[in-house]
Every structure is written in C-alpha cells, then in structure tokens.
1. A:Lys185: accessible area at probe 1.4 Å, nearest 10 Å²?
2. Accessible area drop of at least 20 Å² (1.4 Å probe, protein heavy atoms): which residues of the stretch B:59-76 qualify, relative to the chain alone?
3. Once amide H atoms are built 1.01 Å from N in the peptide plane, which residues 5 or more positions from B:Ala83, or in another chain, come under 5 Å H to H?
4. Using protein chains only and a probe of 1.4 angstrom, how many square angstrom of A:His287 are accessible, to the nearest 10?
5. Can you list the HN-Hα couplings for the stretch B:206-216, worked out from phi with the Karplus curve (6.51, -1.76, 1.60; θ = phi - 60°), rounded to whole Hz and with x for Gly and Pro?
6. Suppose only helical runs count, i.e. DSSP H with n ≥ 4. What mean residue ellipticity at 222 nm does that imply for the protein assembly as shown under -39500 (n - 2.57) per run, divided by all residues and rounded to the nearest 500 deg cm²/dmol?
7. On a C-alpha basis, how far is the centre of the stretch A:31-59 from the centre of the stretch B:77-151 in Å? Whole number, if you could?
8. Stick to Cα atoms and the Kirkwood definition of Rh, then tell me Rg/Rh for the stretch A:373-423.
Amino acid sequence: MSSTLTTNKVEGFVSHIAENNLAVWNELKSIRQSGLKAIKSLKFPTTRDEYWKYSRTTKITKNHYHFSQLDSIKGDLSKVKIEGLDTYEIVMVNGFFNAELSSLPKNDIIEIKSFEECTTEELTSYFSQNLDTITNFFSALNTAYFSEGIMIVAKGVCDKPVHVIHYSEGNNVISQPRNLFITEKNAELSIIKSSINQNTENFFYNSVNEFFIGENSHMNYYVIQNYEEGMNVISTNVATQEKNSNFSAYNYTLKGDWIRNNTNIFVKGENCESNLYGAYQPKGKQHIDNHTIMDHIMPNCESNEHYKGTVDDKATGVFNGKVFVRKDAQKINAFQSNNNILLSDDATMNSKPELEIYADDVKCSHGSTSGQLDEEAVFYLQSRGLSKESATALLIGAFLGEVVEKIKLPELKDKVLEMYGME
Amino acid sequence: MISIKNLHASIDGKEILKGINLEVKAGEVHAIMGPNGSGKSTLSSVLAGNEDYEITEGSVDFMGEDLLEYSTEERARMGVFLAFQYPIEIPGVSNMNFLRTAINETRESRGEEPIAAKDFLAMVKEKSALVELDNSLLKRYVNEGFSGGEKKRNEIFQMAMLEPKLAILDETDSGLDIDALKIVSHGVNTLKNQENATIVITHYQRLLDYIVPDFVHVLYKGKIVKSGTKELALELEEKGYDWIKEEVNA
Ligand SMILES: Nc1ncnc2c1ncn2[C@@H]1O[C@H](COP(=O)(O)OP(=O)(O)O)[C@@H](O)[C@H]1O
Ligand SMILES: [Mg+2]
C-alpha cells in the first residue's frame, strides 16, 4: 500500500517534469531510457537511507517543477567574473547552453561541443560511467531528463581555464545540466564553476558532472557556490582517474538555502594524486551537505581531503567522507580530515568520516573535529582594539582560509578570499 | 590617569582580587610584584576587560571615565594596552593584517581616516626596529612558531604601534635573556613620556634595573599589601617574599 503510494509520488513528480519536450536524439534515447528505468525502481530518498540521513529531500520532492528556457535574463553575469583572469566561458541558463553569452575557444587544444554534436562512441565511452544512478534517485533523474549537455575535451595543455557559469531564474523551475569534462593523455585543464541566481523561488537545480582524467593528465575543478535565496541545489560530480594523473576538486560554499554536493573520485590507475578541498559557512537556516567518496582501486596513489566549515545561527552542516582502499590498492597514502567551528548553540554539524580498507600496506588517517571559536584569541584581538565582529571574522577567515589557500589560480584565490571576507 | 578603588573580582565564584587600591598618574611607572598566584595577571585581565571575571565590588576610573563600563576593544581604543604574560599564537591571522585592522578601527572610533598604506609601513619599520623584531616575523601569523623572546618583543612592538596611554606589562621579562631584556626595556623606555603611564608586573627585581619604577607595590592574596619606592624591590630581591607573607598572615 505505502509502496504504491511512494511510487505514485515519484510518478507524479516525474510526469510534471516530463511534460516538457527535451531533446532526444538517437544516441541518447537509450541513455535517457536507462535513467527512466532506474527512477521507476527507486523511491524518493528519506532520512532512513544512510546516504540521505541528515538531508531531508521532501523540501524538493513536495513541489512540482517545469523546465524553462529563457530568451533573456535579468541577472548580471559580470558578478562572477574573476578579475585579471582570462577564461573561456560556457554559460548555461536554467540548464540550457547559451551560445550567445558564452565565449568558446577557437583552437585545437580544447574542444567544446554539445552532446548532439558528439559521436555515439564519444558518448558511450564517457556518459554515465561510474555514476551513482543505480542508488541515487537524483542522478537517475538527471540521466533521464538532463536539460542539455556539453562535452569539454582538453587535448593538450590549455592556455586558459574554462569558466562554466550556471544561471538560474524562475519559480518552480528545474534545471538539470549535464557536463562531461575530459583531459586526454598529457593534457592540463582547469575548470571553474560559478553560479548566479535571480528571482528564484522553489528552484531545483540538479546537476551532474562527469570527469575523465586521462593518463598523465591534470585537471583542477573549482566550484564556487554563492546562491541567493530560493535555490535547492543537488550537485553531483563523479571523476575517474587513469594512471599518473592528478585531479583536484575544490568546493567553496559561500551561501545557499539548501545544498547537497556529492563528489566522488574513482582512481583506476597507479601513481595518481587526488585532492578534495572544501569550505562552507552556513548561517541562518541554511543547510549545506557535502558527501564525498574517495575510492582507491589501484596501488601507489595518494589522496588528500580537507573540508572545513563554520556553522552559525540555526544552520546545519553535514560532512560525510568515505575513503575506500580496495584489495589490490597497496601503498596508498590517504588522508582525510574535517574540521568545524560551531558559532552558535543552535548550530548543528553532522560529521562522519569513514574509512574502509581492504589492503594491508597503506598509510591512512582520518579525523573530524567540531569545536568553538577560540575565545582567548578573540580576547587577544579585542585587546588590540578590534571589534568582536572583526576579531571573529578574522579568526573564521584564518580557519577557512587554510583550504582557500589551496587554490592554484592566484586571481581566483584572491576572489574567493575576498568573498569570504578575508584579505 | 587610572584610579582603582577597592576592586574585587572573582572567577567561577572564587574571589581572586580582594580589594585592590592603586593610583597611577601620567608620567609614572609603577611596578607590581608578588609571589605566583597572587592575582597579578588577574588584575591585568580585569583591567583589559576579560569577561571571564566577575567584578563584585569597586571601581576603576580611567581618565575620567568609568573603565569597567567599557568593552575590551573600547578600552583598547581609549588607550589601555596589555602586554600578555603568555601571548597566544593565532595561526592564519597575519601580524600586519590584524595590526592594520586594529589601528584603523581605533582611528575610526576617533573619527579619523584610515592610515595610509605608506604611513603604516613606515611606522612598522620604525617600531619594529625599536624592539629589533625581524620584519619577516611580522608577515607571519601572530606569534606562530615565535620563540618566547620573539613573542614578548612582538607585544612591545604592538604597544609601540598602538601608542597607548596606559601600558600594563605582565611579566614581559619572564623567559627573556639579558640581551632581550635590554631590548625590551629600551623599547618601553623610549615610548615613555609625560602623557602616558606604565604598570610593570614582574616577579624579579632584575627588570627594574632597566625600567626604573617610581613606585613598587606588592600584591599578595589579591591585595596590595605593601607599597614603596624602588628600594622595596631591592629588599624583596634580597629577602624574598616570606617576610611579607608572614606579615600578612600574622
Ligand atoms: N580561570 C581561572 N579559574 C580559576 N582560578 C583561576 C583562573 N585563573 C587564575 N586563577 C587563580 O587565580 C589566582 C591568581 O592567578 P594569577 O592572576 O594568574 O596570579 P599571578 O599572575 O599573580 O601569578 C591563582 O590562585 C589562580 O589559580
Ligand atoms: Mg601572572
């Protein structure tokens, strides 16, 4: 009885979305079908599911959504520009690629094209690989009904970073962008993802990005989340690394009503390096959830993960980091830590670092701390004439700054430091 | 400049200061001595506005104002400076950055413009030279990885930058070798003038050879039990504190 009810709920939810005609062309018909099939076998996640224990999705699933293609936008994209940094730009408006607002490369090193322009082979070798479609309802939802997709292929060392700007606007709109990022052998690419939203209410942004880091290649992926009100965000990133490659994912959340980030890295080759850094500072009633998976499948690799957050007012922070070291993955160095400062008595932080090791010759550490701001340090700074607010801001900056300092692009680093109110 | 009357303060219900009376005038140097645990650091913390302590009785007048009514940062901006006995390390906060903020917020509270970058740097150069503090240390995080002596010199450097009316030096000499002691004392003496005052808290007479006090007080069990001139310090050096303890406990 209740199961039928749940299924009906899912069907109702999906039927509203599916009312719109999304592009379906031959190559992708079966892919969308697979997503659809997965959805039908899944229920909405609840807090009884371990993966969603601290993030209630009813906020999202109780509403009905539609896709919305806009002819013009109200927002100002220059807000996310990074001063002094020349980038290629891909602008997606409510999940749809906007060529007019974009500025694409004109060289052989980097190729940017829509899925419609991709060959069957390109799509089948990259699309939905390692995706948590089977277990994650929202990934399956994206696979079935992604609004539009872009494939970015770096064939060599790219001269400029690619800045992907996601713009959101509207009420009860769903945006499901889907992007593939590929660094071929020996290539190097940095990607920056920024978001802008304006006039949003009950907006559901559900993106999926897949990353393929080829042999001996380098990829850096920087995400800056700075949402105005009215956005519910689920952002799923899945990366696969080949041998001798280097992948770093950085996630900086400035603000957002409700955000869930899933960042999963599968290391499928030897001698790889993987880095995961993140900072978050929920305030008010915000809810910021970061889930990561660091999966070591092959030997002789290293991974570093460090997430830091300050939680204020009645806000909630969630961190769940799983590190797997598989049976054959000997000689792995895997480090993970999550540090939090609770700035109010009503703030909540749920932190769960997890380590599953099946190999015996490994060096791993993980840990989590949640504490208060150092009152002694606040007093010291105040005794020099700083207001309590400035002293607190300076100490928060110092705390979160550690992971912001990891940004390798100086202009971007300055911008993010400034956004967090650090100098 | 400052007039402390019958000051009582406690922490966690335990009374530490039990009626302090002290009057310091502009241009004067007062030394407060006393055995460990007598309440010297507590007095400095209370004057700096540490809210961990509860003031149960008494008053503090600072240049005509009721000091106890003001917050820590307001007191600092009014000209109260405390050189901490144990300066803490603050990783991630750069010395220069925080000092510039401190100076600018102080200026703002007085209705003044922020300090020009050029003037700030010139001031840093001059004042750090005064205490022979390596400029590379200033770019680092507050006290992080500093030696004991460097931390103490950094306190005096900050004092020089902030130009307080009343400086309270809480055992600035402890842990310093004789050279560092001379440097720190030279800094303090250079900053001294007829408009400001200094309270030097120390355990040893040694410092008072370099920073010569006008008055010496002995703090014991939360009270000033004896006051005199610099000869009192010499007497304490010679005889220790036992005779004072005996006098008080008798
Ligand atoms: N946070 C505290 N909680 C309880 N007692 C304290 C605290 N700080 C200091 N005291 C007590 O107050 C007394 C005075 O300490 P303090 O002012 O540091 O002395 P001094 O600086 O003269 O050595 C000591 O007995 C000490 O144990
Ligand atoms: Mg002391």
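1. 120
2. With the partner chains in place, the stretch B:59-76 has these residues losing at least 20 Å²: B:Thr72, B:Glu73, B:Ala76.
3. The list, which skips near neighbours in sequence, is B:Ile168, B:Leu169, B:Asp170.
4. The value for A:His287 is about 20 Å².
5. 2, 4, 6, 5, 9, 10, 7, x, 7, 9, 10
6. On the way: 17 runs with 185 residues, N = 673.
About -8500 deg cm²/dmol.
7. First find each Cα centre; the distance between them is then 54 Å.
8. Numbers: Rg = 12.3 Å, Rh = 11.5 Å.
Reported Rg/Rh (Cα atoms, Kirkwood Rh): 1.07.
The values are calculated or read from the model by the stated rules, or taken from the named source; none is laboratory data. Quantities reported herein were computed from a predicted structural model and do not represent experimental measurements. Glycine also receives a Cβ, built like all others from the backbone with ideal geometry; neighbour counts cover every protein chain displayed. Keep in mind that these areas ignore ligands, DNA and RNA; they rest on the heavy atoms of the full protein, side chains included. Shrake-Rupley method; radii C 1.70, N 1.55, O 1.52, S 1.80 Å.
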